[in-house]
Amino acid sequence: MTTTFPLLAILLPFVAAFAGLLLSRWPHHSRRTPAITPAATTTTATEAGQADSTAGDRANTRAAWIAILPTTAATILATWLAWTPGLSYFTGSATPPTGQTYGTIVTGAVPISLTLQADALSSVLGVLVTVVALAVQVYSVGYLKTDPRYPSYSAFISLFTSAMLLVVYAGDLLVLYVGWEIMGLCSYLLIGHWWEDRGNSRAAVKAFLVTRLGDVGFLFGIFVLGLGAGSFRIADVLAKVPEMSTATLVTATMLLLAGVAGKSAQVPLHTWLPDAMAGPTPISALIHAATMVAAGIFIVARLFPAFLAARPTLDVLAVVAALGMLGAALAALAQDDLKRVLAYSTVSQLAYMAGGLAAGSDTAAIFHLLTHGAFKALLFLCAGAVIHHVGSNLMSQMGGLRRELPVTFVTMTIGFAALVGLPPASGFFSKDGLLLAMDDALTGGGAASGGGLTDAAALLLYGCALATVAVTGAYAARAWLRTFFGEAKAVALPEPEPGIAHVVDVREAPRTMLVPLVVLAVPALLLGFAGEPHLDLGVAAISVVLALLGAGATYAFWRSDPVADPARLLGPLRAPCERAFYVDTLYAALFVRPVLALARLVVRTDDVVVDGAVRGSGRSARGLSGVLRLAQNGNVQLYVSGVLAGVLLIAVGAVVFT
């Protein structure tokens, strides 16, 4: 029976997505227009509005149940699958995968195997995906209570969940790629949920295009691996890795790395993730904790033997991770938008995981992926509660909220402690594992002594990782202090647009929003003890000291002037950090403007040359017809004169030339 559990876990949210789109507003009641007298106009309009509101509430409630119940069932199935294999992934004991093949598609060359399986790695990721998705679905009931498009929103979350589960449980690379691409579509639809604002729709398009750019390389990487192994089945590909040439493995993994950089928002394809904050906050939690960004790290871990055999790829991954973790942390330190702080934090933490993979420890990277999924989902949902209360994303308009939002304050404090890596929070144990792996990659001598990284790459990676620990403590302390401490700010805000969830309220968030916060706070605090951590006291002490130094420096600047922004400690670097080192500006100059100029040139060429030739031929035909019309004016005398003149010319010619 358990062999069908992966299929059921995928199908349940998939069916919920279609049911939510098709049935949440069923039956469609016909609106009959009654006879309205002038005296009853106001009363009838009011009753119609109330009826529409009641119908909308019923549709939203129905959509919530359609989304939550299947996701709950999928969570139970995923937990069942992970009960034994999930623990074996971190203990090192081998557990055979559970799953089955549902058919084979013959392509003429390499067949596609419709295989789903739950092994140690996929089982633990399945739990992360379903738990976070369930928390987001429950949280969204309160956060988007009055949103008229909530039914489609909840359905797209279900489809998003199903697509990520397909990636996790797929036993064939091309089956995995189907879920990989569906996630890109769902991210576009959900980031642009409030598409009336042009900025939101542009952020959705940017996320779609940037990730698609990386997916081109990802697809070709799958083709190279599949052709090299003679099969797209993941088990067959990994079994054939020792027989593949170094050139094949390096080419394949470099191409795969492009897709990983796109999905997991790593340098240089990281620019879409901060702009993706335009979507509703629960979507940010889902994308940043359990779906899109987790998929890239999962792929490297899933195909880890292939990456280990391609040392140049590991060096590239190490450099990308080093630049991403420190650069994104510095950018987070300068942001005023609370969600953008967390967005750049995600880029930085994912780079930590990529660095752990480059250093040769997939277990440490996946362990941090799990703990990060718990505390980052918690942080985003807490940020949503704060924004729901204040009515603004900006920390400059927050302050003193610990008394007004006590539950949010406690849970977000746990999330920040896990992010910084303070004991006993989960992030302390998982980050220590990553730093230990990077330290071993450096002290082990690098590639010269059989390690995976060259000495320069290992040194750069470990140095940036230690610096990032301090910067993480600084930006987390800054966000915590500016949000919950200091004087409360009374800001006159404009009336929000209809359908916007950011509502100023004087109470704590509703229960549907608070329950997920409390539930997620438990793994964010205690998950570190589940993986049988092996602490290195020296590395752990260095990590905690650096984090406290960063947090202490921020506190000192804030204490000296609680009204001013502690980001002033960056000095002249503040402006570049706030603009994320002008990467978007650079891309606009190198790619966007030239492409737009080329597009305008193509349009102009099409208008002047192609269409000009068509229009010119038309004008020439009309001009020639005008000349011919001179002889066809309907004057019979002119016609006779012309005939006589012709006859005369023929006669003269005959006389002259004969």
Close pairs from the stretch 1-23: first under 11 Å from L116 (Cα atoms), partner crowded, with 16+ Cβ neighbours inside 10 Å and at pLDDT below 85, Cβ under 9 Å, at least 6 apart: T3/T98; T3/G99; T4/G99; F5/T98; F5/G99; P6/T98; P6/G99; L7/G99
- line: Exception for M254 within (1) within 30 Å of I387 (Cβ to Cβ); (2) modelled with pLDDT of 95 or more falls at (1)
- request: Could you figure out which of (1) at pLDDT 90 or above; (2) open to solvent by 10 Å² or more (accessible area, probe 1.4 Å); (3) in a helix (DSSP H, G or I) isn't true of I283?
  value: (2)
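For every residue, the table says whether it meets (1) in contact with a strand residue (DSSP E or B) (Cβ under 6 Å, 6 or more places away or on another chain); (2) open to solvent by 10 Å² or more (accessible area, probe 1.4 Å); (3) of a type in the set (A, V, I, L, M).
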| position | (1), (2), (3) |
| --- | --- |
| Y102 | yes, yes, no |
| V131 | no, yes, yes |
| S152 | no, yes, no |
| F156 | no, yes, no |
| M183 | no, no, yes |
| L189 | no, yes, yes |
Subset of the stretch 409-427 (residues that are at pLDDT 95 or above and open to solvent by less than 20 Å² (accessible area, probe 1.4 Å)): T411, M412, G415, F416, A418, L419, V420
The stretch 537-590: number of residues that are outside any helix (DSSP H, G or I) and crowded, with 16+ Cβ neighbours inside 10 Å: 1
query: Only one of G20, G56 is in a helix (DSSP H, G or I) and at pLDDT below 75; which?
result: G56
- request: Consider only pairs whose beta carbons are under 7 Å apart and that are at least six residues apart or on different chains; among these, list those whose first residue lies in the stretch 307-321 and is more than 14 Å from T251 (Cα to Cα) and whose second residue is buried (at least 24 other Cβ atoms within 10 Å of the Cβ) and of a type outside the set (A, V, I, L, M).
  value: A318/G355; V320/Q266; A321/G355
- prompt: Here are some conditions: (1) aliphatic (A, V, I, L, M); (2) in contact with an Asp or Glu (Cβ under 6 Å, 6 or more places away or on another chain); (3) open to solvent by 80 Å² or more (accessible area, probe 1.4 Å). L526 meets all but one. Which one does it not meet?
  reply: (2)
From the options R233, R212, residue that is of a type in the set (K, R), over 16 Å from F307 (Cα atoms) and surrounded by fewer than 18 Cβ atoms within 10 Å (Cβ to Cβ): R212
message: Could you go through the stretch 351-362 and let me know if any residue there is small (G, A, S), open to solvent by 10 Å² or more (accessible area, probe 1.4 Å), on the phi < 0 side of the Ramachandran plot and modelled with pLDDT under 95.
response: yes
- line: Of the residues in the stretch 159-175, those that are more than 26 Å from L69 (Cβ to Cβ) and crowded, with 24+ Cβ neighbours inside 10 Å come to G171, D172, L173
task: Tally the residues that are part of a helix (DSSP H, G or I) and either out of contact with any helix residue (DSSP H, G or I) (no Cβ under 7 Å at 6 or more places or on another chain) or modelled with pLDDT of 95 or more (or both), restricting the search to the stretch 184-198.
output: 2
message: Among the residues of the stretch 371-408, what is the count of those that are part of a helix (DSSP H, G or I), farther than 19 Å from V518 by Cβ, touching a helix residue (DSSP H, G or I) at 6+ places or on another chain (Cβ under 7 Å) and open to solvent by 10 Å² or more (accessible area, probe 1.4 Å)?
response: 2
- prompt: Right, A64: assigned to a helix (DSSP H, G or I), modelled with pLDDT under 85 and at negative phi or not?
  reply: no
statement: Filtering the stretch 333-350 down to residues that are hydrophobic (A, V, I, L, M, F, W, C) and buried (at least 24 other Cβ atoms within 10 Å of the Cβ) yields L333, L338, V341, L342, A343, V347, L350
query: Which of the following residues is open to solvent by 70 Å² or more (accessible area, probe 1.4 Å) and small (G, A, S): S620, S625?
result: S620
field: So G179, is it part of a helix (DSSP H, G or I), more than 14 Å from V293 (Cα to Cα) and small (G, A, S)
entry: no
Single condition V504 does not satisfy, out of (1) modelled with pLDDT of 95 or more; (2) of a type in the set (A, V, I, L, M); (3) in a loop (DSSP other than H, G, I, E, B): (1)
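The values are calculated or read from the model by the stated rules, or taken from the named source; none is laboratory data. Here the structure is a predicted model, which means the values were calculated and not measured. Virtual Cβ from ideal backbone geometry, glycine too; neighbours counted across all protein chains shown. The protein model used for the area step is the full one, side chains on, heavy atoms only, and it has no ligands, DNA or RNA in it. Shrake-Rupley method; radii C 1.70, N 1.55, O 1.52, S 1.80 Å.
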